[in-house]
Amino acid sequence: MRARTERRLLACLRMSRRRAWVLSSAVLFSCGGHVANPGAGEGDASDDGAGGYGGSIAASGGPVPVNDATVPSGSGGADAAEPDSTAPVLPFDAGPGGTCDQPLAPGDLMIDELMIESTSGTGDHGEWIEVSSTLDCAIDLAGLHGECPRGAKVATFDVTDDLWLPARGFFVIADSTDPAINHYLPGTVVAWSGNLGDVLRNKGTTVTLLVNDVVIDTLTYPAVPVTVGASLAFPADCDPGMRSDWALWQTSTASWFPGFLGTPNAPNVDVTCPASGDP
């Protein structure tokens, strides 16, 4: 009788241990814990990723979570903090006007100063043209094309890369970008293709700026009297609509380099617009 009772007690004890193991396993599965191969040693469990919530479930074959718990859904993740890679990189502060959201259009640029003869005689590589922006935002000159007839040929230039001009800024079209040849022109300088000399004719010619065959600005000047080494400037205080009146153009009085007069890449404030009726 006693032996039978002991066997029953031993069977109950085994059953209680089995139920306790199943219960603990269920708790681990519900918490996302790691259940290693029951027969594996301590080292195997460590290799399987055991050691806390959020680990793998090696024995269950469950799916791997898609979302990283460290990046809240809908927050944009790490990419949201990255700068806009499409924004233009300017070599200057664009100011309150920012960058123009439209490409160059007719009237956006204006030719307002001419160095027709920097030195006497032929082979003059110091001639230049100043172009000003009429825009209150920074504009990219990429795609700008220039033309100027010189005898039977036509001098040209093309801006093939990004070239940003500040709001109301300037650039110069010159015979050469070499400072020793162009008399150390300051600021942004674009050269005629081929480093030509004597592009601007004393007897007059036409300079045209285009983008995709659309004329942005064009200026025809006549055979006007010039002073060697001095530019001819349209005063900054003159009405731009009067630019074709060559009686308003003045010989520059400011010097940017010893022996030469002009204000390349700067407003033409050294000369003033003649009052109505003045010679």
Exercise. Name the residues in the stretch 138-183 that are over 23 Å from Gln102 (Cβ atoms), without any contact (Cβ under 8 Å) to a residue 24 or more places away in the chain and among the β-branched types (Val, Ile, Thr), would you?
Worked result: Val154, Thr177
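Can we say Asp108 is within 29 Å of Val214 (Cα to Cα) and at pLDDT 95 or above?
Answer is yes for this residue.
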Exercise. Before we move on, is Leu200 touching a residue at least 24 places away in the same chain (Cβ under 8 Å), of a type in the set (A, V, I, L, M), in contact with a Ser or Thr (Cβ under 9 Å, 6 or more places away or on another chain) and crowded, with 18+ Cβ neighbours inside 10 Å?
Worked result: no
Seminar exercise, completed: (1) more than 21 Å from the chain's Cα centre (by Cα); (2) surrounded by fewer than 22 Cβ atoms within 10 Å (Cβ to Cβ); (3) modelled with pLDDT of 95 or more all hold for Arg150 apart from (3)
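The values are calculated or read from the model by the stated rules, or taken from the named source; none is laboratory data. Everything numeric in this text was worked out from a predicted model, so none of it was measured. As a convention, Cβ positions derive from the backbone with ideal geometry for all residues, glycine included, and neighbour counts pool all protein chains shown.
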